[in-house]
Every structure is written in structure tokens, then in C-alpha cells.
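The values are calculated or read from the model by the stated rules, or taken from the named source; none is laboratory data. What you are looking at is a predicted structure, and each value in this text was computed from that prediction instead of being measured. Ideal geometry is used to build each Cβ from the backbone, glycine not excepted, and the neighbour counts take in all protein chains shown.
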Amino acid sequence: MISLFGKPEPTLAERLKASVSKTKVALSETVDTIFLGEKKVDPVLLKQLETALISADLGVSATREILDAVREKLDRNALSDASQLKTEIKSHIVRILNASAASKTLQPGGVAGSSNGKGPRVIFIVGVNGAGKTTSIGKLANRLRKEGWSVILCAADTFRAAAVEQLEIWAQRNGIEVIKQKSGADPAAVVYDAVAAAKARSSDVVIVDTAGRLHTKSNLMAELEKMKRTAAKVIPGAPHDILLVLDATTGQNGLAQAREFTSTVGVTGIILTKLDGTAKGGIVVAISRELALPIRFVGTGEQINDLVPFDAEIYVNSLFD
């Protein structure tokens, strides 16, 4: 694809590789130093490797799982040098990521459209303030629209003064409709209006912008449950996706957020933002290993096209090759 400036747009692999460049410096170059030369794999090297993996925020559980697999192969004499060890690490990380990635991309056509009588696909976007929810909604709408789906946005963040205005800007950039009410309105009422409008218009997808909330605020979590029930009254089975937007720079704090949101509202996948701004990109592995949640999309920049589907093999190869 050619950009507006006549240059080829970067591929998925190029975008994902660029977004993990800081993590690559922190992890891969450290690992390369550990593996310098044809070193024999011994307990000292494994301890250095453990430190490198944890420092990149892969998490204790994922790191232990990787090292346990490595030790098991060592016991069977299936690993003899550092190059084989590096290959084993890469393969195991890919397996962890793929285990939770049953659905890597959104497929609105599976339930969308009036022809099958099931109505539009309803996607809730949740997360804490500052994670990049509204921006991610704009980028996601752009991706779905380019794939041929009709999209309506729902401005259910009625608490933050600028939230509706920001969503309207993204709607204008995408050339799509946004359903809203006045500031301070009941978010569940806005959800009802948006889902009903999308059903009436035979739209394919409704993306619901929810208020930023800390996972510790029980009243806001209860409100989110009310919004879910309201959507289900109009479209049985809605919401079909609850995507949690996480800021990759928060590292293990992001994992704690994901754990609480998942247990409370049933998150189905992750949109990871600001991966290009952190050396802690191993949080991708920690989330997949501990919560069995797929990373659906990764934000790779600030522009409307800077949201790419996550691919485990490209991610791992970008870190180590």
C-alpha cells in the first residue's frame, strides 16, 4: 500500500518490529551478551537468562515456565549450546502467546447484519483513564471500516467533559456516526440508543466508549455491568467483545489491571498501547500466560492507521532476530 507521500506504507512486521525496538534493546541484546560465543549452557547462564526475562516484564510465572522447559531438555541432553537455547526460548514464548490467541482479529461478520436477524456486533472498550481508549476506538473503527464493515460509535463516557468531543473528532475522521446524549446522562441509556440505532440501520458493528475507571471502584464496575445488561436486552449475547485497553508502559501494574477487569467484567481481549515507548514489552507474554487473554491489537503510533493485529511469531522474531 502507498502512503499519501508516495512511499510504501510499512508492513505489519515492520510496524510491530518498530514498536518493540526498546524491548529488543533491553532483552535481546542482554540475551545476546549472555550467549556470546558458543557458551556451554550451565546454571550460571540460566540465572543470567532468568534475570533478563524478568527485567523485560515477562513475569515470574512465564519465566519459570520457560526455564523449566529448558531444564527438562537439558536433562535429556536435547540442548547443548547457546544457539539451541535461544531457539527453544523463542519457540516457548510463541507457544505461550498462541495458547491464548484463539481469535486474533475481530470478525464482526459472524453475527453482523440484518440478514441473519442477529443484529450488529457490540464491542465494549474498557480501561483506566490515560490508557488510550478513545484513540484506540478511532483506530479500530478505521480498521473495521477499511475491511468493509459499517461502524457506529457510542459515546457512553458521559462523565469526562471532553470525552464526547474527542470521540466526535474520531468519528468525523472516519466518516461515521456517533450516538451521544448530554453530559451526565445515564451511560446505559446511551448504550441502548446506540445499539437500537445500529440494529435499525443494519450496521455491522457498534463500538462503545466507556468511562475510564479504576478496577478498584466497585460502583463504576457495577455501572459497567448495567451497560452490558442493557446491550443484551437489544441484542441477545451482547456485548460480543470486551476489549481492555492497557498502557504497555505500566508493566506489571497493567497485569494487575487486566486481572481485576477480567474477573469483574469478563474481558475477551487486550489492546496494548504505547508498546513503542517501553522496554517492558514482555508484559505481552505475562498477560497471555497468567490470564489466557489474547492480545488482539497493538498501538504502534499516534496516526489513524497505527493499530495492527498482534502476531506472536512476528513479535518474538522482532525481539530476538
Of (1) modelled with pLDDT of 85 or more; (2) in contact with a strand residue (DSSP E or B) (Cβ under 7 Å, 6 or more places away or on another chain); (3) among the small types (G, A, S), S19 satisfies every one except (1)
Of all residues being among the basic types (K, R) and over 19 Å from K228 (Cα atoms) in the range 163-209, which is surrounded by the fewest Cβ atoms within 10 Å (Cβ to Cβ)? Just the residue, please. K182
Which ones in the range 132-169 are of a type in the set (G, A, S) and closer than 17 Å to T268 by Cβ? S136
When you scan the range 213-232, do you find a residue that is within 22 Å of N142 (Cα to Cα) and at pLDDT 90 or above, even just one? no
Checking A102 against (1) modelled with pLDDT under 85; (2) part of a helix (DSSP H, G or I); (3) closer than 30 Å to R145 by Cβ, only one condition comes out false. Which one? (2)
Pick from the range 55-71 the residues that are among the β-branched types (V, I, T) and surrounded by 17 or more Cβ atoms within 10 Å (Cβ to Cβ): which of them is farthest from I283 (Cα to Cα)? V70
I'd like the residue in the range 257-266 that is touching a residue at least 24 places away in the same chain (Cβ under 8 Å) and over 11 Å from the mean Cα position of the chain (by Cα) and, out of all such residues, is surrounded by the fewest Cβ atoms within 10 Å (Cβ to Cβ). G266
For the range 271-321, enumerate the residues that are within 22 Å of L167 (Cβ to Cβ), surrounded by fewer than 22 Cβ atoms within 10 Å (Cβ to Cβ) and at pLDDT 85 or above. Q303, I304, N305, D306
Of everything in the range 300-321, what is of a type in the set (A, V, I, L, M, F, W, C) and not in a helix (DSSP H, G or I)? Give them in sequence order. I304, L307, V308, F310
